[in-house]
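Here is the structure we will look at, set down as structure tokens.
The values are calculated or read from the model by the stated rules, or taken from the named source; none is laboratory data. What you see is a predicted model, and the numbers here were worked out from it, not measured in a lab. FYI the Cβ positions are ideal-geometry reconstructions off the backbone, even for glycines, and counts take in every protein chain you see. Ligands, DNA and RNA are excluded from the accessible area calculation, which covers all protein heavy atoms including side chains. Shrake-Rupley method; radii C 1.70, N 1.55, O 1.52, S 1.80 Å.
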Amino acid sequence: MKPEIQIVDHAEALYRAGAAEFVRQAGAAVQLKGVFTVALSGGSTPKGLYGLLATDLTFRAQAPWDKTHVFWGDERHVPPTDADSNYRMASEAMLSKVPIPHAHVHRIKSENPDAHRAAEDYEQTLRACFPSPDGQPPRFDLVFLGLGSDGHTASLFPGTSALHEEKRLVVSNWVGKFYTERITMTAPVLNNAACVIFLVSGGDKALPLKAVLEGPYEPEQLPAQLIRPKQGRLLWLVDEVAARLLQVGRR
């Protein structure tokens, strides 16, 4: 489907737009099937969104926390107490402050010294939570993603082996520039979501955003271009500073 591009004035407006989408889609999913599944992303932009969902009385009251199941699109290879942990960020900003059942929080066990095993374990978690007789990837109701200044998303980095994975749901991905493993959902999982929302904020994202949305299709260099839901919605929520180079999506 053709991506939607929504440009807002500033980061705070971006958080509110993302929170409104979260609440709207959670309510629709619960009404349809009694449960809402969401995959979270790391980074500073979603942190603002998560904090708003936890502290804004309207958003907090509207979200069906007792029927929400939370997952992560990727994780750093660090313990959950580490300052770099995506789980820790989401927990401190939102999950510890809202009435979501502990059993509904499905984190990646990234404290495992073997990143490959951690990825395999999380794949098994996904298969248990999204049983499929024909082995199809999970279908999340909502996936939040960010955009790196190098065009990466989740932990799908330029030139890495995970970009070519078509069968596995979760893999460990060696990222040479950081000299570390990352644990990430693969593109087939992300592309099977009912809705994917990219949250993009800040001037350092202007050039990669333009390259991903308006440049040639080169996913080896710009992995975010891999994300093209086949039977779902793709929404880019972008603040004005990040969108300043775009030709499309202008109001």
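Yes or no: S149 free of Cβ contacts under 8 Å to residues at least 60 places away in the same chain, assigned to a loop (DSSP other than H, G, I, E, B) and surrounded by 12 or more Cβ atoms within 10 Å (Cβ to Cβ)?
yes
Can you tell me how many residues in the range 35-49 are more than 16 Å from F198 (Cβ to Cβ) and either surrounded by fewer than 22 Cβ atoms within 10 Å (Cβ to Cβ) or not hydrophobic (A, V, I, L, M, F, W, C) (or both)?
Selection size over the range 35-49: 2.
Which of (1) in a helix (DSSP H, G or I); (2) of a type outside the set (S, T, Y); (3) touching a Pro at 6+ places or on another chain (Cβ under 7 Å); (4) within 30 Å of L207 (Cα to Cα) does E166 not meet, given it meets every other one?
All conditions are met except number (1).
Go through (1) at pLDDT 95 or above; (2) open to solvent by 10 Å² or more (accessible area, probe 1.4 Å); (3) farther than 15 Å from A39 by Cα for P131 and report which single condition fails.
It is condition (1) that P131 fails.
Just to check your reading of the model, which residue among E181, E123 is over 14 Å from L226 (Cβ atoms), surrounded by fewer than 23 Cβ atoms within 10 Å (Cβ to Cβ), at pLDDT 95 or above and in contact with a Leu (Cβ under 6 Å, 6 or more places away or on another chain)?
Every option except E123 fails the conditions.
Taking the criterion of being under 20 Å from F178 (Cβ atoms), touching a residue at least 12 places away in the same chain (Cβ under 8 Å) and out of contact with any Phe, Trp or Tyr (no Cβ under 7 Å at 6 or more places or on another chain), would at least one residue in the range 49-67 satisfy it?
No.
Condition check: at pLDDT 95 or above, surrounded by fewer than 20 Cβ atoms within 10 Å (Cβ to Cβ) and assigned to a helix (DSSP H, G or I). Does L245 satisfy that?
The answer is no for L245.
Could you pull out every one of the helices (runs of 4 or more DSSP H) wholly within the range 1-90 that has 2 or more residues that are among the aromatic types (F, W, Y), under 19 Å from V189 (Cα atoms) and out of contact with any Cys (no Cβ under 6 Å at 6 or more places or on another chain)?
none
Which one of R127, R117, R182 is touching a residue at least 60 places away in the same chain (Cβ under 8 Å), outside any loop (DSSP other than H, G, I, E, B) and not hydrophobic (A, V, I, L, M, F, W, C)?
When all the criteria are applied, what remains is R182.
Could you list all residues from the range 76-120 that are in contact with a strand residue (DSSP E or B) (Cβ under 7 Å, 6 or more places away or on another chain), among the hydroxyl-bearing types (S, T, Y) and open to solvent by 40 Å² or more (accessible area, probe 1.4 Å)?
Y87 - this is the single residue of the range 76-120 that is in contact with a strand residue (DSSP E or B) (Cβ under 7 Å, 6 or more places away or on another chain), among the hydroxyl-bearing types (S, T, Y) and open to solvent by 40 Å² or more (accessible area, probe 1.4 Å).
How many residues, within the range 69-99, are over 19 Å from the mean Cα position of the chain (by Cα) and touching a residue at least 12 places away in the same chain (Cβ under 8 Å)?
Going through the range 69-99 one residue at a time, the tally reaches 4.
Working only within the range 110-125, note down all residues that are more than 9 Å from E75 (Cβ to Cβ) and not hydrophobic (A, V, I, L, M, F, W, C).
E111, N112, P113, D114, H116, R117, E120, D121, E123, Q124, T125 - these are the residues of the range 110-125 that are more than 9 Å from E75 (Cβ to Cβ) and not hydrophobic (A, V, I, L, M, F, W, C).
If the Cβ limit is 9 Å and pairs must be 6+ apart or interchain, which residue in the range 204-224 that is within 15 Å of D239 (Cβ to Cβ) pairs with which residue that is acidic (D, E)?
Correct list of pairs: K205/D239; P208/D150.
State the number of residues belonging to the range 1-34 that are open to solvent by 40 Å² or more (accessible area, probe 1.4 Å) and in contact with a helix residue (DSSP H, G or I) (Cβ under 6 Å, 6 or more places away or on another chain).
1
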